[in-house]
1. Which of (1) modelled with pLDDT of 95 or more; (2) assigned to a helix (DSSP H, G or I) is the odd one out, the single condition Arg46 does not satisfy?
2. What number of residues within the range 7-20 satisfy the criterion of being closer than 19 Å to Gly40 by Cα, of a type in the set (Ser, Thr, Tyr) and at pLDDT 95 or above?
3. So, in the range 49-70, exactly how many residues are of a type in the set (Phe, Trp, Tyr) and either touching a His at 6+ places or on another chain (Cβ under 8 Å) or outside any helix (DSSP H, G or I) (or both)?
4. Cβ-Cβ under 6 Å, sequence separation 6+ or interchain: first residue in the range 24-47 and free of Cβ contacts under 8 Å to residues at least 12 places away in the same chain and more than 12 Å from Leu11 (Cβ to Cβ), partner in a helix (DSSP H, G or I) and aromatic (Phe, Trp, Tyr). Which pairs?
5. Given the conditions (1) modelled with pLDDT of 95 or more; (2) assigned to a helix (DSSP H, G or I), and given that Lys23 satisfies all but one, which numbered condition is not satisfied?
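The values are calculated or read from the model by the stated rules, or taken from the named source; none is laboratory data. The structure displayed is predicted, hence computed values, not measured ones. Methodologically, a virtual Cβ is constructed for each residue, glycine included, from the backbone with ideal geometry; neighbour enumeration extends over all protein chains shown.
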Amino acid sequence: MRGYCVSSKGLTMEEANAATKAKLIAYDQHWWWLESWQEGEREVERDIKAGRIGEVFDNPEDFLKSLKTS
């Protein structure tokens, strides 16, 4: 997800469990809302904005070839 607020905070496990129980978020996606995951999302967003991104591949085959030649 791009363009979200990089200063927002994720949920605690208790909050995510409550939101799941209330059917506000799907059980199989509650991990995405956790603060531990959101910190990683914010880090990636900072890296992208700073130009610290790796090689971008056009297709899965090119990506797999790069792994074999590394």
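1. Among (1) modelled with pLDDT of 95 or more; (2) assigned to a helix (DSSP H, G or I), the lone unmet condition for Arg46 is (1).
2. So the answer is 1.
3. 1
4. From residues that are free of Cβ contacts under 8 Å to residues at least 12 places away in the same chain and more than 12 Å from Leu11 (Cβ to Cβ), there are no pairs.
5. (2)
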